[in-house]
Structures are given as C-alpha cells and as structure tokens.
Amino acid sequence: MVAFNIIMHSGNARAIVHEAMDAMREGNFEEADAKLQEAEDALVEAHKSQTDLLQEFARGTDILIQIIMVHAQDHLMTTMTLKEIALELKEVYKKINALEAK
Amino acid sequence: MVAFNIIMHSGNARAIVHEAMDAMREGNFEEADAKLQEAEDALVEAHKSQTDLLQEFARGTDILIQIIMVHAQDHLMTTMTLKEIALELKEVYKKINALEAK
Amino acid sequence: MVAFNIIMHSGNARAIVHEAMDAMREGNFEEADAKLQEAEDALVEAHKSQTDLLQEFARGTDILIQIIMVHAQDHLMTTMTLKEIALELKEVYKKINALEAK
C-alpha cells in the first residue's frame with residue numbers, strides 16, 4: 001500500500017535527519033552532509049509515491065482518502081520541512097563552530 | 001469529537017513550545033526544559049487520540065475523513081516537528097550562551 | 001479550486017521564507033524582516049481559504065476531501081511552521097552576529 005511506503009521512507013528520512021543534526025552539533029559537517037543527502041534520497045522515494053497519487057488524481061482517477069493516507073502525507077511533508085531546517089541549522093552550527101575556534 | 005481534542009491539545013503544546021523558546025533565548029534552560037516537558041505531555045494526549053483512530057482503521061473500521069480531521073492531524077504533526085526543532089535550538093542557544101560568557 | 005489557491009500561496013510563502021533565511025544568514029536583518037512580512041501576507045491569503053472551508057464544514061456543509069486538499073493543507077501548515085522557526089532563527093543569527101562583531 002502506498003501510504004505505508006510513504007510512512008516507511010519518511011520515517012527513515014526523519015531518523016537520518018536527526019543523525020545529521022547530531023553530527024553538525026559535534027562539528028562533523030562532512031558527516032552531516034552525507035546524512036542529509038541520505039535523508040534526501042529517502043524523501044525522494046516517499047515524494048515520488050505522493051506525486052504518483054496526485055498525478056493519478058489529476059488524470060481523473062478517484063482516490064479514496066483514508067486516515068492512513070492523511071497520516072502518510074503529514075509524515076512526508078513535516079519531514080521535508082525538518083530537513084530544510086536542518087540545512088539551515090548546519091549554517092548556524094558552522095558559524096558557532098568558527099566562533100568557538102577563535 | 002476526536003478532531004477537536006487533537007486540535008486543543010496540539011494548540012496548547014504549540015503555545016508552550018513557544019514559551020520554551022522564549023525561555024531558552026533568555027538563557028533560562030531549566031525553565032525551557034520544564035516547558036518542553038509540559039508540551040510533550042500535551043502532545044502525548046493528542047498523539048494517543050490519533051493512534052486510537054489509526055488502530056481502529058487497522059482493525060477494519062471505516063473512518064470518515066472530514067476536513068476538520070485532516071486539519072487536526074496537521075496541527076499535531078507540525079507541532080511535534082516544532083518541538084523536535086526546539087530541542088535542537090536549545091543546544092544552539094546553550095552554545096551561544098557559553099560563547100557570550102567567554 | 002480552493003486547494004490550488006492554498007498551494008500557490010503557501011508555495012510563494014515558502015520560497016520567501018527561504019529568502020528571509022538567506023538574508024538573516026548574511027546579517028541583513030531588515031531585509032529578513034521585510035521578507036518574513038511578505039511571507040506572512042501570502043500565508044494569510046492561504047489561511048483564509050482554509051478557514052473558509054473549515055467554517056463551511058462547521059455550518060454543516062459536506063466537504064469532499066480529495067488528495068489535493070490534504071496536500072494543500074499540509075503545504076499551508078508546514079510553511080506556517082517553517083515561518084515560526086525562521087522568526088526564531090532570526091534571533092539566533094542576531095546573537096551570532098553580535099558575537100562575531102566582538
């Protein structure tokens with residue numbers, strides 16, 4: 001089922017974004033970049049499933065909305081947002097890191 | 001109604017997360033921790049309502065999806081994400097606080 | 001269609017919040033404020049559409065939930081959350097800016 005696929009990939013991505021934040025907090029920016037890329041790959045998978053559904057809908061297919069699908073889309077969109085913020089926090093931690101090294 | 005319950009608890013949690021951010025911005029990290037715990041308690045209440053619905057659905061119950069329920073789940077999931085970020089911002093503010101004290 | 005209207009305004013707002021974060025990262029806090037206000041204006045438009053629907057529902061109108069509407073509400077709520085966080089990041093960048101100027 002598409003919803004479970006979206007939840008699984010989004011859940012993976014979310015865990016990896018948190019690992020990226022752990023790394024940047026410790027000043028390991030290369031590891032953080034690698035983790036953020038890994039999270040992005042998982043998000044692309046989840047996003048593709050959602051886009052397929054939206055395109056089916058646009059072509060006129062009736063798509064039954066069940067609570068699990070609402071939940072899946074919430075998972076995906078909040079994790080995409082979390083990743084965007086982690087990218088910004090990386091810049092914040094870089095600036096803090098430079099100040100600490102002074 | 002379950003949706004209103006979720007919105008109420010999520011709305012409470014959101015306001016308290018903002019109070020936590022106010023506290024950490026001022027360097028009051030113990031107050032921030034207390035507020036974040038208080039927000040977490042409210043989120044647990046809201047999350048339980050959502051999980052109950054998802055489990056009913058998993059058991060085969062048809063759950064009518066109305067716009068207020070979509071809105072309630074959005075409230076919950078974005079507030080949970082906001083709280084995760086507030087936890088990270090607490091670490092950021094602690095580092096800034098240490099730099100300011102130098 | 002209401003959903004497309006919400007997605008368009010939320011998408012605009014999201015792009016502008018990212019421009020605001022670019023500006024604050026460079027220490028341009030007045031530009032960041034202007035961008036955040038611009039994003040807020042777009043979000044108010046999107047939010048009004050969602051509120052109209054919720055009020056119609058509250059008055060008893062049956063509102064058909066399609067996948068595009070779920071997606072639209074996700075767009076709006078995650079972008080509102082992103083904007084709240086950008087406001088907090090502005091305070092973070094201000095503190096970092098002050099430390100850098102020391």
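Report the residue count in region C:15-30 for those that are open to solvent by less than 30 Å² (accessible area, probe 1.4 Å) and part of a helix (DSSP H, G or I). Walk me through it before giving the result.
Start the filter on region C:15-30 by keeping residues that are open to solvent by less than 30 Å² (accessible area, probe 1.4 Å), which leaves C:16-17, C:20-21, C:23-24, C:27.
Imposing the further condition that a residue be part of a helix (DSSP H, G or I) reduces the set to C:16-17, C:20-21, C:23-24.
Within region C:15-30, residues that are open to solvent by less than 30 Å² (accessible area, probe 1.4 Å) and part of a helix (DSSP H, G or I) number 6.
Here is a check on your reading of the model: is B:ASP33 in a helix (DSSP H, G or I) and among the charged types (D, E, K, R)?
Spelling it out, B:ASP33 is indeed in a helix (DSSP H, G or I) and among the charged types (D, E, K, R).
Can you confirm whether B:LEU89 is assigned to a helix (DSSP H, G or I) and either over 13 Å from the mean Cα position of the chain (by Cα) or within 19 Å of C:ASP74 (Cα to Cα) (or both)?
Against the criterion (assigned to a helix (DSSP H, G or I) and either over 13 Å from the mean Cα position of the chain (by Cα) or within 19 Å of C:ASP74 (Cα to Cα) (or both)), B:LEU89 qualifies.
So for region A:67-78 (the condition being open to solvent by less than 20 Å² (accessible area, probe 1.4 Å), modelled with pLDDT of 95 or more and of a type in the set (Gly, Ala, Ser)), does at least one residue qualify?
Yes, because at least one residue in region A:67-78 is open to solvent by less than 20 Å² (accessible area, probe 1.4 Å), modelled with pLDDT of 95 or more and of a type in the set (Gly, Ala, Ser).
Quick check on my filter: what residues within region B:8-23 are of a type in the set (A, V, I, L, M, F, W, C) and in contact with a Lys or Arg (Cβ under 9 Å, 6 or more places away or on another chain)?
Within region B:8-23, B:ALA13, B:ILE16, B:VAL17, B:ALA20, B:MET21, B:ALA23 qualify.
Would you confirm whether any residue within region A:79-86 is more than 10 Å from chain C (Cβ to nearest Cβ), small (Gly, Ala, Ser) and more than 30 Å from B:ALA101 (Cβ to Cβ)?
First, pick out the residues of region A:79-86 that are more than 10 Å from chain C (Cβ to nearest Cβ): A:83, A:86.
Narrowing the set further to residues that are small (Gly, Ala, Ser) leaves A:86.
The next check asks that each one be more than 30 Å from B:ALA101 (Cβ to Cβ); those that pass are none.
Checking region A:79-86: not a single residue is more than 10 Å from chain C (Cβ to nearest Cβ), small (Gly, Ala, Ser) and more than 30 Å from B:ALA101 (Cβ to Cβ).
Could you check B:GLN50 against (1) open to solvent by less than 10 Å² (accessible area, probe 1.4 Å); (2) not in a helix (DSSP H, G or I) and say which number it fails?
In the conditions (1) open to solvent by less than 10 Å² (accessible area, probe 1.4 Å); (2) not in a helix (DSSP H, G or I), B:GLN50 misses (2) alone.
Only one of these is farther than 30 Å from A:GLN66 by Cβ and either among the acidic types (Asp, Glu) or in contact with a Gly (Cβ under 7 Å, 6 or more places away or on another chain) (or both): C:ASP52, C:ASP62, C:ASP41, C:ASP74. Name it.
Residue meeting the stated conditions: C:ASP41.
Just one of A:LYS102, A:LYS35 is more than 19 Å from C:VAL92 (Cβ to Cβ), open to solvent by 20 Å² or more (accessible area, probe 1.4 Å) and more than 7 Å from every other protein chain (Cβ to nearest Cβ); which is it?
Details: A:LYS102 fails: more than 19 Å from C:VAL92 (Cβ to Cβ).
Sole residue among the options that is more than 19 Å from C:VAL92 (Cβ to Cβ), open to solvent by 20 Å² or more (accessible area, probe 1.4 Å) and more than 7 Å from every other protein chain (Cβ to nearest Cβ): A:LYS35.
Being touching a Gly at 6+ places or on another chain (Cβ under 9 Å) and either in a helix (DSSP H, G or I) or in contact (Cβ under 8 Å) with a residue 40 or more places away in the chain (or both) narrows it down to one residue among C:ASN97, C:ASN5; which is it? Before the answer, list the steps.
Numbers: C:ASN5 fails: touching a Gly at 6+ places or on another chain (Cβ under 9 Å).
Sole residue among the options that is touching a Gly at 6+ places or on another chain (Cβ under 9 Å) and either in a helix (DSSP H, G or I) or in contact (Cβ under 8 Å) with a residue 40 or more places away in the chain (or both): C:ASN97.
Of everything in region B:63-78, what is facing chain A (nearest Cβ under 7 Å) and of a type in the set (S, T, N, Q)? Give them in sequence order. Please lay out each step first, then the result.
As a first pass, look at region B:63-78 and keep what is facing chain A (nearest Cβ under 7 Å): B:63, B:65, B:70, B:73-74, B:77-78.
Of everything in region B:63-78, those that are facing chain A (nearest Cβ under 7 Å) and of a type in the set (S, T, N, Q) turn out to be B:GLN73, B:THR78.
Confirm whether B:GLU91 is within 9 Å of chain A (Cβ to nearest Cβ) and open to solvent by 40 Å² or more (accessible area, probe 1.4 Å).
When the stated conditions are applied, B:GLU91 passes them.
Would you confirm, using the coordinates I've provided, whether C:ASP62 is under 18 Å from B:ALA72 (Cα atoms) and not in a helix (DSSP H, G or I)?
On the way: under 18 Å from B:ALA72 (Cα atoms): yes; not in a helix (DSSP H, G or I): yes.
In short, yes.
The values are calculated or read from the model by the stated rules, or taken from the named source; none is laboratory data. Because the structure is predicted, anything quoted here is derived from the model rather than measured. A quick note on method: Cβ atoms are made from the backbone with ideal geometry, for glycine too, and the neighbour counts reach across all protein chains shown. Each accessible area value is taken on the protein alone, full model and side chains, heavy atoms only, with ligands, DNA and RNA left out. Shrake-Rupley method; radii C 1.70, N 1.55, O 1.52, S 1.80 Å.
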